[in-house]
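Down below is the structure, laid out as structure tokens.
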Amino acid sequence: MPQARLCSCWGGRVLPLLLAYVCYLLLGATVFQLLEKQAEAQSRDQFQFEKLRFLENYTCLDQRALEQFVQVIMEAWVKGVNPKGNSTNPSNWDFGSSFFFAGTVVTTIGYGNLAPSTEAGQVFCVFYALVGIPLNVVFLNHLGAGLHAHLAALERWEEQPRRSQLLQILGLALFLTLGTLVILIFPPMVFSHVEGWSFGEGFYFAFITLSTIGFGDYVVGTDPSKHYISVYRSLAAIWILLGLAWLALVLPLGPLLLHRCSQLWLLSRGLGLKEGGAPEMGGVPRPQKTPISA
């Protein structure tokens with residue numbers, strides 16, 4: 001029955017929501033790319049022109065010229081153009097980067113290192129977030145509901161044989177361990193290798209990202225001196241979505257696992273001190289409900 005409920009939940013609610021969720025991200029990435037990429041190219045060309053003029057006039061540089069050049073650098077930075085490198089730097093609004101930006105909008109991470117610079121892009125971002133943020137919340141809530149249906153058998157945990165109880169505890173512990181490795185350990189190692197960070201910096205970025213704090217001091221795929229694969233930032237966006245979904249599944253499991261472990265410890269201690277007990281059923285000891293509820 002729990003498996004049937006899980007399949008029904010996935011087939012009836014989660015899968016359509018997942019499809020709508022992915023389609024919405026693809027729509028956002030496409031629109032952001034169309035609205036922002038051309039404006040970014042114009043800003044990049046203008047910045048390169050001003051930098052060349054600065055180099056030509058270096059011999060007669062005065063304070064006013066320096067201030068003007070600094071102002072040009074600041075305007076370029078606000079529009080997402082990194083002053084380092086040259087005009088061959090990867091675009092911040094190619095499809096992969098736009099998909100990454102769309103993911104940070106709907107998950108409310110908001111690194112702050114990139115934002116729409118056109119009026120049309122800013123207006124679209126407002127309405128895109130108004131729909132995308134609730135969609136993200138509903139999707140994560142339904143994932144949590146699906147896990148609750150799958151673990152409905154744990155409500156009758158005290159009535160199960162002790163061996164089955166131990167297997168459930170081990171299964172939950174294995175799920176938490178593998179999830180931690182896949183979501184919180186391996187990705188920081190990859191980011192650290194690609195970006196040239198230490199593992200601590202990579203783990204810091206992963207935590208700040210998945211907690212949706214998004215300071216923006218560490219952002220993947222922004223170093224102009226590195227040559228990233230085209231899907232690098234798209235894969236990072238998918239990791240963010242999977243990480244948030246995993247956290248939505250895991251948060252209810254932590255207290256449950258600790259509670260079950262404490263129950264098993266109390267049960268084992270009670271059986272060890274008990275000299276005589278109730279008859280065994282099928283050779284498998286049954287736990288007493290009274291000590292557990294106490």
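The values are calculated or read from the model by the stated rules, or taken from the named source; none is laboratory data. Quantities reported herein were computed from a predicted structural model and do not represent experimental measurements. Please note: Cβ atoms are built from the backbone with ideal geometry, for glycine as well, and neighbour counts cover all protein chains shown. The protein model used for the area step is the full one, side chains on, heavy atoms only, and it has no ligands, DNA or RNA in it. Shrake-Rupley method; radii C 1.70, N 1.55, O 1.52, S 1.80 Å.
Descriptive notes on the structure:
- Think of segment 9-83 as having a plus end and a minus end, set by charges on the Cβ of Lys, Arg, Asp and Glu; of L25, Q68, V78, L25 sits farthest toward the positive end of this dipole.
- For segment 9-83, a crude dipole built from +1 on the beta carbon of Lys and Arg and -1 on the beta carbon of Asp and Glu, taken about the Cα centre, is about 360 debye to the nearest 20.
- Carbon/sulfur fraction of accessible area - segment 19-146, other protein chains in place, 1.4 Å, %: 64 percent
- Protection proxy ranking of 229-238, 92-101 - average other beta-carbon atoms within 10 Å, highest first: 92-101, 229-238
- Accessible area in square angstrom per residue, segment 9-83, 1.4 angstrom probe: 66 Å²
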